[in-house]
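Undergrad: The structure follows.
None of the figures in this text is laboratory data; all of them are computed from the coordinates on show. Keep in mind that what you see is a predicted model, and the values were worked out from it rather than measured. All Cβ positions, glycine included, derive from the backbone under ideal geometry; neighbour counts span all protein chains shown.
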Amino acid sequence: MEIVQRIMGQIIASTSVFFLLSGAVAMITRQSLPGGNVTSSSPGANSTSNEDLSNETLNSEAPDTKPTVGSVRSTLERMLIFTGIPEDYEDFDEETEALFYPPTFAPLKPCGYDRCLHLQVPCEEMQRKQHCLCPGISGPAERPDPPRIQDIHASADAVSVHWCAPLSTVSKYHVLYWREGEQDIRKSPALNDTFRLATVSDLEPAASYMVCVEASNNAGTSLLNEEDELYGPCKAIRTQSHQLPYLYVALAIAAALILLVLATVGWFFWARKKKYILRGSVCNTADTAGVSNPFYKSESVEQL
């Protein structure tokens, strides 16, 4: 405010000085113009002399109104005193502007926001806490873009869906699914904007289904594009059959029985071979124990 007052005072003083100098120049110009010795073209010496006398009288009686340097100086001093500006006032606008430096801010970093992470904290909340930059997201007055299904797993009677959030303001999600060839579209309960994973059940085994994820806000609901199964919100799946687990169990039992039979047969042949080896070693030991007596007879022993 002080600088503004000084500037306004300087403007007023400059304007006053300008008008004063203009008036002084005008008065000097009028004094320099020839006012006496005007001759008349009419005849007669009396008329000419009378006019000369009158002009001399006027010139002698007219006061000298030419402004002097002192009068202009005194007027300027009175203007400076009236406006309150000191005589040695100088303009410091250039120095003031030179001393003003605009504030500098450190560059902001992107927020660690993952659009595919389940139960992800909203980026607006992260921005308030971390002072970071969020990706460009459309406002709540626009319909959200469709989510993108990242992964999907199907069992005999359920399917698990994992998706990525769109670059839009989302208030809730829904998982839609229906059997191919039917118009009965079923919808999951509403999921808040932090969800990226959901499971739907009550599906029929060995059946083909179309599964979609839609996003909603106050402006509307995202569109469903069933043709773009690679990056779109919909995917076609087929549930597993209930017969497959029983088949796997039967194959496992059969494999266990075959292994048991093979183990039994192997043990049987191994035991038989070991028995033959032991019997042969006993016979060899009896043959090499000593030399038989040729005079020995079993009858002589019986007579004794």
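Undergrad: Please state the relative contact order of region 148-243 as a whole percent: Cα pairs under 8 Å, 6+ residues apart?
TA: Reported as a whole number, the value is 34 percent.
Undergrad: So who's got an amide H within less than 5 Å of the one on PHE195, skipping anything under 5 residues away but keeping other chains? H placed 1.01 Å off N, in plane.
TA: Residues meeting the amide H criterion: LEU119.
Undergrad: Can you work out the Karplus-derived ³J(HN,Hα) for every residue in region 196-212? Use 6.51 cos²θ - 1.76 cosθ + 1.60 with θ = phi - 60°, whole Hz, and x for glycine or proline.
TA: Using θ = phi - 60°, the values come out as 9, 9, 8, 10, 10, 10, 6, 9, 8, x, 6, 10, 9, 10, 10, 10, 9 Hz.
Undergrad: Still on this model: Compute the separation of the alpha-carbon centres of region 181-200 and region 117-149 and state it in Å as a whole number.
TA: Going from one Cα centre to the other spans 21 Å.
Undergrad: Continuing with this model, one more query. Once the other residues with Cβ under 11 Å from the Cβ of GLN120 are scored (Lys, Arg +1; Asp, Glu -1), what is the net sum?
TA: It works out to a net charge of -1.
Undergrad: Using the basic label-point model (7 angstrom from Cα toward the beta carbon), what is the LEU108 to VAL249 distance in nanometres?
TA: So the label points at LEU108 and VAL249 sit 5.9 nm apart.
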